[in-house]
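This report refers to the structure that appears directly beneath it.
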Amino acid sequence: MMGQTAVSDPQAPLRGAVAIVTGASRGIGKGCALELASAGALVFVTGRTLREGGAPLPGSLEATVEEARQLGGRCIPVACDHADDEQTAALFERVAAEAGQLDVLVNNAFRVPEKLDPRLPFYETPISWWDDMLDVGTRSAYVATHFAARTMLPQGRGLIANISSA
């Protein structure tokens with residue numbers, strides 16, 4: 001089915017579609033990936049946490065892949081730090097090589113500082129945290145969109161969704 005556009009199928013309305021969801025090891029990104037996969041799309045899921053146990057927060061790409069499989073969908077895990085433009089470029093090159101198309105990009109990656117205390121006023125936190133959150137957040141969404149557009153524009157189709165928060 002890869003290389004074809006999505007076909008009308010009430011059981012799998014996105015069958016044949018290819019998606020990338022950044023930041024899909026937990027939270028909203030994981031939910032988006034699971035919904036796309038259960039609707040029939042082949043979903044490349046990215047994050048820095050490939051396996052459980054290596055990060056301060058619960059969740060991993062492998063867990064997302066397994067949950068998608070249980071729902072009848074398919075996700076491909078790609079370890080990617082979206083603060084690194086070269087890793088992001090390699091992701092899009094891999095998707096082009098393996099799937100031949102890109103129909104949906106969900107920009108969800110975000111870096112939460114490890115020692116963040118949500119009760120602290122912003123003016124009492126290190127300014128470097130702001131840089132981290134913008135780099136893997138707003139800037140990484142721009143970079144991913146840059147690479148996605150190179151595939152979507154020649155196809156004449158594609159959807160880019162940007163997830164944001166306060």
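Only one of the values [x] 16.2; [y] 19.9; [z] 18.4 was calculated from this structure for Kirkwood radius over Cα pairs in Å; name its label.
Given [x] 16.2; [y] 19.9; [z] 18.4, the calculated one carries the label [x].
If R0 is 30 Å, what FRET efficiency do you get for residue 129 and residue 51 from their C-beta distance, rounded to 0.05?
Values: r = 26 Å, r/R0 = 0.87.
Once rounded, the FRET efficiency stands at 0.70.
Among DSSP bridges having both ends in the chain, what percentage is antiparallel? Round to the nearest 5. Write out the running numbers ahead of the final one.
Details: 0 of 17 bridges.
If I count the DSSP bridges inside the chain, around 0 percent turn out antiparallel.
Averaged per residue, what accessible surface does the chain expose to a 1.4 Å probe, in Å²? Intermediate results must be reported in sequence, preceding the final value.
Working: 9370 Å² over 166 residues.
Here the residues of the chain average 56 Å² of exposed surface.
Give the longest segment of the chain that steers clear of trypsin sites (Lys or Arg not before Pro) in DSSP loops with at most 15 neighbouring Cβ atoms within 10 Å, not counting the sites themselves. Please report the intermediate quantities before stating the final value.
Numbers: sites that count: 51, 115, 119, 157.
My reading of the result: 52-114 is the longest stretch.
Ignoring ligands, DNA and RNA, please state the percent of accessible area on the chain from carbon and sulfur, probe 1.4 Å.
So the carbon and sulfur contribution to the accessible surface is 55 percent.
For a Förster distance of 35 Å, can you work out the FRET efficiency between the beta-carbons of residue 122 and residue 11, rounded to the nearest 0.05?
On the way: r = 47 Å, r/R0 = 1.34.
Here the calculated transfer efficiency is 0.15.
Around residue 20, which amide H atoms from residues at least 5 apart in sequence, or from another chain, sit under 5 Å from its own amide H, with H modelled in the peptide plane?
Close amide H contacts, sequence-distant or interchain: 44, 104, 105, 106.
Taking only DSSP H segments of four or more residues, each worth -39500 (n - 2.57), what value at 222 nm results for the chain once the sum is divided by all its residues, to the nearest 500 deg cm²/dmol?
Numbers: 5 runs with 61 residues, N = 166.
The helix-only estimate for the chain comes to -11500 deg cm²/dmol at 222 nm.
Would you please classify the overall shape of the stretch 18-89 from the alpha carbon gyration tensor, given that a ≥ b ≥ c denote the square roots of the eigenvalues, rounded means a/c under 1.5, and beyond that prolate means a/b larger than b/c while oblate covers the rest? Before the final figure, lay out the partial values.
Numbers: a/c = 2.13, a/b = 1.29, b/c = 1.66.
Because a/c hits 1.5 or more and a/b fails to exceed b/c, the stretch 18-89 counts as oblate.
The values are calculated or read from the model by the stated rules, or taken from the named source; none is laboratory data. This is a predicted model, so every value here is computed, not measured. Neighbour counts run over all protein chains shown; Cβ positions are idealised from the backbone, glycine included. Just the protein is used for accessible areas: all its heavy atoms, side chains included, with ligands, DNA and RNA removed. Shrake-Rupley method; radii C 1.70, N 1.55, O 1.52, S 1.80 Å.
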